[in-house]
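I have placed the structure first, in the form of structure tokens, so that the comments after it can refer back to it.
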Amino acid sequence: MAYLLWPTLVGHRWYVGKVSPLYTLTLGYFGIMWFADLFRIPVMVREYNSYLYQRRAAQVTEARSPSSDVIFTKVVGVTKGEDRQDLIAYLKAGEELVLKRDRENEFDKNAIKVLNKEGEQLGWINRELAAELAPELDAGREFKALVTEVTGGTEDKPTLGCNICLLRLGESSKPLTTAEKVETPTEKALRWAEPTISVMEQLARTWDGVRAKWASSKKFKVLTAAAAILVIVALLSAIVSKKGGEETQTSAAVTAETEEKGLSISLKTPSGLTVASPSYTIDGVTEPGARITVLGCANAPVRVQADEDGKFSAGLTMNEGTNTLTVTAEKDGRRGSASCSLTYQLDEASYKAQCKAIEFKVLNKNPEAYKGQKYFATGQVVQIMENFGTTDIRLNVTRDQWGYWDDTIYVTFKGTVPAYEDSIIRVWGEIKGSYTYTSVAGWNITLPWVEARYIEVVQP
């Protein structure tokens, strides 16, 4: 229920009795404490349920005589066993426990164990109280034990403790059947006061267990901070996505309106086409007499006019690579547009013909100045590595008078090459600038970088 009220900013605080005028007026201290409460709700619910239980139990105790059937005490020996602290961390206020005589205890003949509902020991009743209750348990009197509070679990006091309430039920030496058992006023009042076991209580138990386990560790703080950051990022992403969706819907509505009131235009040229020549003519159809403008090519803008049938053709000069073309038609204040992409790629012979050799000392002086230029080189492989369908090569491109190769460039190639160390290869490609890598000795080495389109092995 508290989680359902959390989006209201203050409702969850009212639900667990922790509201304040300042918190309400500032809407959860300007949202900061409100967000922090998202992680504290299980603890707040558990503390409030514990408060309600103790208040009702106290009212019942005050209403009875000094020889009350209600006894408040604390479980002792909670640190003796290896897992008792973990078991106590998962207890909740109002949870029923079990009392069992420990007749084999060599230190106290009146010892009474305190067990959880699964029969796992949490500790004992203290020696003085056990001396009073042991004869009654041996005589067949029944007791009901309820958790009133789990204490500790903080950085100052990491050890957990357990306060309990004992109720004297009956004096029969045999258990009462459901039909025979009569609920006493004390039981009725405390049953009415027991907190409702809800999803929030289950979360509170889990939270208390985690908090007790990591309270004294920095890891707890780191995990909490990381979780908070992740939630903030998720909330911001959701807000941005929603805003982007609204803008997209608005944009779509505007586009639809423009098309409805604008010109109809269609292109006959298929999008994604690859051409081998830089010259290309694009064709289309629109309204007769419309003015056509083409953008996105090397000779843009290109302007032509549709004929009496609405047909038009525009001669374009393409940039090498992908050209994204936008074709716009205008007439009488109305407008329409269409787009397509064309890729201009040289054939192998034309590409190789445009590649030029550059002396290494000139290229190495300033590789960035030659970025984008087509390059050719013959050299000896110093190192070659293939990885995920690509090949990286360190290539010596200068041969001295004694036949030794020197002056290294870095070559990358999409594909594999049937070459090895000391192989002689020819490379045609595009200069990409500089490439820097770290050597085995830890030195940063910078070489001219060439992205090869074609590689030919001269000598394997």
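Would it be correct to say that Gly28 is part of a helix (DSSP H, G or I), modelled with pLDDT under 70, touching a helix residue (DSSP H, G or I) at 6+ places or on another chain (Cβ under 6 Å) and not assigned by TED's automatic domain parsing to the domain that holds Thr151? Yes; evaluated as a whole, the condition is true for this residue. Checked against the criterion of being under 20 Å from Val427 (Cα atoms) and of a type in the set (Asp, Glu), the candidates Asp347, Asp332, Asp309 yield just one match: Asp347.
Suppose we keep only residues that are touching a strand residue (DSSP E or B) at 6+ places or on another chain (Cβ under 6 Å) and either charged (D, E, K, R) or without any contact (Cβ under 8 Å) to a residue 12 or more places away in the chain (or both) within the range 384-401. Which one would you say is surrounded by the fewest Cβ atoms within 10 Å (Cβ to Cβ)? Residue satisfying both the conditions and the ranking: Met385. Checking each residue in the range 357-378 for being within 24 Å of Ser423 (Cα to Cα), of a type in the set (Lys, Arg) and either touching a strand residue (DSSP E or B) at 6+ places or on another chain (Cβ under 6 Å) or buried (at least 16 other Cβ atoms within 10 Å of the Cβ) (or both) picks out only Lys374.
Could you go through the range 359-371 and let me know if any residue there is assigned to a strand (DSSP E or B) and either within 18 Å of Trp449 (Cβ to Cβ) or aliphatic (A, V, I, L, M) (or both). It would help to see each step written out before you state the result.
Taking the range 359-371 as the starting set, the residues that turn out to be assigned to a strand (DSSP E or B) are none.
No.
If we scan the range 386-399, do we find a residue that is assigned to a strand (DSSP E or B), acidic (Asp, Glu), under 44 Å from the mean Cα position of the chain (by Cα) and in the same structural domain as Glu451 (by TED's automatic domain parsing)? Break it down into steps so the answer makes sense when it comes.
So in the range 386-399, the residues assigned to a strand (DSSP E or B) come out as 386-387, 390-399.
Next cut, acidic (Asp, Glu) only: 386, 392.
Okay, now just the ones that are also under 44 Å from the mean Cα position of the chain (by Cα), so 386, 392.
Those left that are additionally in the same structural domain as Glu451 (by TED's automatic domain parsing): 386, 392.
The answer is yes; a qualifying residue exists.
Being under 16 Å from Cys355 (Cβ atoms) and among the acidic types (Asp, Glu) narrows it down to one of Glu386, Glu451, so name that one. Full working, then the answer.
Numbers: Glu386 fails: under 16 Å from Cys355 (Cβ atoms).
From the options Glu386, Glu451, the qualifying one is Glu451.
Give the residues of the range 103-142 that are small (Gly, Ala, Ser) and part of a strand (DSSP E or B), sorted by residue number. Before the answer, list the steps.
Of the range 103-142, the ones small (Gly, Ala, Ser) are 111, 119, 123, 130-131, 134, 139-140.
Result: Gly123, single match.
The residues of the range 423-460 that are assigned to a loop (DSSP other than H, G, I, E, B) and surrounded by 12 or more Cβ atoms within 10 Å (Cβ to Cβ) amount to a single one, Ser423.
Ala349 meets the conditions (1) in contact (Cβ under 8 Å) with a residue 24 or more places away in the chain; (2) at negative phi in every case but one. The failed one is (1).
Considering the range 132-143, and only residues there that are surrounded by 15 or more Cβ atoms within 10 Å (Cβ to Cβ) and not charged (D, E, K, R), the residue that is nearest to Arg168 (Cα to Cα) turns out to be Phe143. So, Asn319, is that one closer than 30 Å to Val285 by Cβ and in a loop (DSSP other than H, G, I, E, B) or not? It is true that Asn319 is closer than 30 Å to Val285 by Cβ and in a loop (DSSP other than H, G, I, E, B). Note on the range 404-434: residues that are within 17 Å of Lys371 (Cβ to Cβ) and of a type in the set (Asp, Glu) total 1.
The values are calculated or read from the model by the stated rules, or taken from the named source; none is laboratory data. Small disclaimer: the values here were computed from a predicted structure and weren't measured. Note that we place each Cβ from the backbone using ideal geometry, even for glycine, and neighbour counts take in every protein chain shown.
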